[in-house]
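These notes concern the structure reproduced below.
All of the numbers you see were taken from the coordinates with simple rules; none came from a lab. Quick caveat: nothing in here was measured; it's all calculated off a predicted structure.
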Ligand SMILES: Cc1cc2nc3c(=O)[nH]c(=O)nc-3n(C[C@H](O)[C@H](O)[C@H](O)COP(=O)(O)OP(=O)(O)OC[C@H]3O[C@@H](n4cnc5c(N)ncnc54)[C@H](O)[C@@H]3O)c2cc1C
């Protein structure tokens, strides 16, 4: 990492990026602020959008957030015994600055850290088990894979350095009209290449060995995205960063950030499913016509509709994820964009692990591994098996060894059968299954990513998931969409799709 990047990171960490640079950079307001904004979906994307829209448009605008399910979306907890556990999005990277900023702003602490330990299972036996000693791990990796491991860390770090540029751009109020432009602003052509080739192609062309990809990289993509090394290189890098040290979670559950953002943004939560959106033209006081979006929705008491100046869609427009009809738009807006969401089943088991399932003779009382990742072996049933800790760590808590009954989380593509559960566990007190359409099925080369701008003042936040799906990606997209909505409302074109921002802003720090 070069010293200049270091200083940028240091400043970002110190929180200076939250100060008033924006006000220096903003152009004068050109027209009245909007009166009503709708956000569709109250996951981390929708609630972060409400937060940033309030920041951009001020106290006067009414913001309604539509959500038929629970606030949090893919951030969800389930109760097993006395404690709650994450069943959806669980870990956050230490350099995810929006997530960090949210918890600071909301006064929520991070969850107390419990050290983790990883092993790799090839369907028959454990092929690798992390030692408590860094030097032992280092020497084992060096012996088996040469410098592949170190080089992988350097490669991920170099991508992360470019990724971090987005925070500076957003702090200065710059926004991007498409996922491709956003990626290009961060990492130039190299980021566009990354989304258009597989992680495997990228890493092989960088000189990583196939055996390293099979033994180490594939288990990481399987636990994080339920998919092989044929996911795109960008989401692959995000996945590998997700194996870094220092990962954290929110005390009491990650979904607390969503409820906190909703409250902080002073938005109104409307417990309803949006069914359709259409454009309505109305005469205005001056005699000219103004267009609005009519949002039709269904709640417990039936169907209703409201008019909005701006609408942000914060749920994937894909089969099985949402079903919103867009009428009267030219060109037409599809209810479902091409591409599928990948099913990941999250099964939480409170029970006693069957050590022989892992093909190890190690006594269960000595087995303190928290995360068993799996290689991409034909016929392998599970993507990962993890010993998980409650969302709030009670005082004096230590993760119990495998000889004690505790909560395990199994990720698999399909529901586990009774026989499979019986193979894995000697006993089961309770089992809870959540079937997620979790993240896109990544198949590079990439078709065109869905747009951020669906219509004049109608925006689509989850387009970003086709580059990579993660809490922070939704938060970055939320900020981008809020800025975009603001600049387009006030015709501040100079703040949209600016080229070469990295060089232009270099002198500003
Ligand atoms: C099992 C699993 C593990 C994961 N692990 C991680 C991880 O460790 N770290 C990480 O960063 N990310 C992880 N992710 C990804 C992360 O959870 C998602 O990228 C992120 O939560 C997406 O948030 P979102 O708000 O964009 O979408 P969502 O959370 O899907 O929110 C969309 C919301 O819109 C609502 N909605 C749908 N249709 C309508 C409608 N018609 N009208 C109104 N509302 C509607 C839905 O009910 C939902 O609440 C994981 C995901 C899963 C499933």
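Here are a few things to note about the model shown:
- In degrees, nearest ten, helix 471-489 long axis to first principal axis of the chain (Cα): 10
- In units of the rule-of-thumb radius 2.2 N^0.38 Å, the chain shows an alpha carbon radius of gyration of 1.00.
- Spatial extent of the range 449-509: Rg and Dmax, with the Cα atoms as the point set, Å: 13.0, 36
- Three principal axis lengths of the range 339-386 [C-alpha, angstrom, descending]: 45, 25, 14
- Rg(Cα)/(2.2 N^0.38 Å) for the range 270-421, N = residue count: 1.69
- Whole-number D in µm²/s for the range 358-509 (Stokes-Einstein; Kirkwood sum over Cα pairs; 20 °C, 1.002 mPa s): 105
- Evaluated over the Cα positions of the range 103-207, the convex hull gives a direction-averaged projected area, one quarter of its surface, of 10.6 nm².
- Surface/4 estimate of mean projected area, convex hull on alpha-carbon atoms of the range 215-276, nm²: 7.5
- Cα radius of gyration and Dmax for the range 107-157 (Å): 14.7, 46
- Length, then width, then depth: along the principal axes, the Cα atoms of the range 18-174 run 65, 43, 27 Å.
- Helical mean residue ellipticity (222 nm; -39500 (n - 2.57) per DSSP H run of 4+; nearest 500) of the chain: -9500 deg cm²/dmol
- Descending Cα extents along the principal axes, the range 406-493, whole Å: 64, 30, 17
- Using a cutoff of 8 angstrom between alpha carbon atoms and counting only pairs six or more residues apart, the relative contact order for the chain works out to 25 percent.
- As a ratio to 2.2 N^0.38 Å, the alpha-carbon radius of gyration computed for the range 152-229 takes the value 1.25.
- Between the range 240-290 and the range 399-467, the alpha-carbon center distance in angstrom: 22
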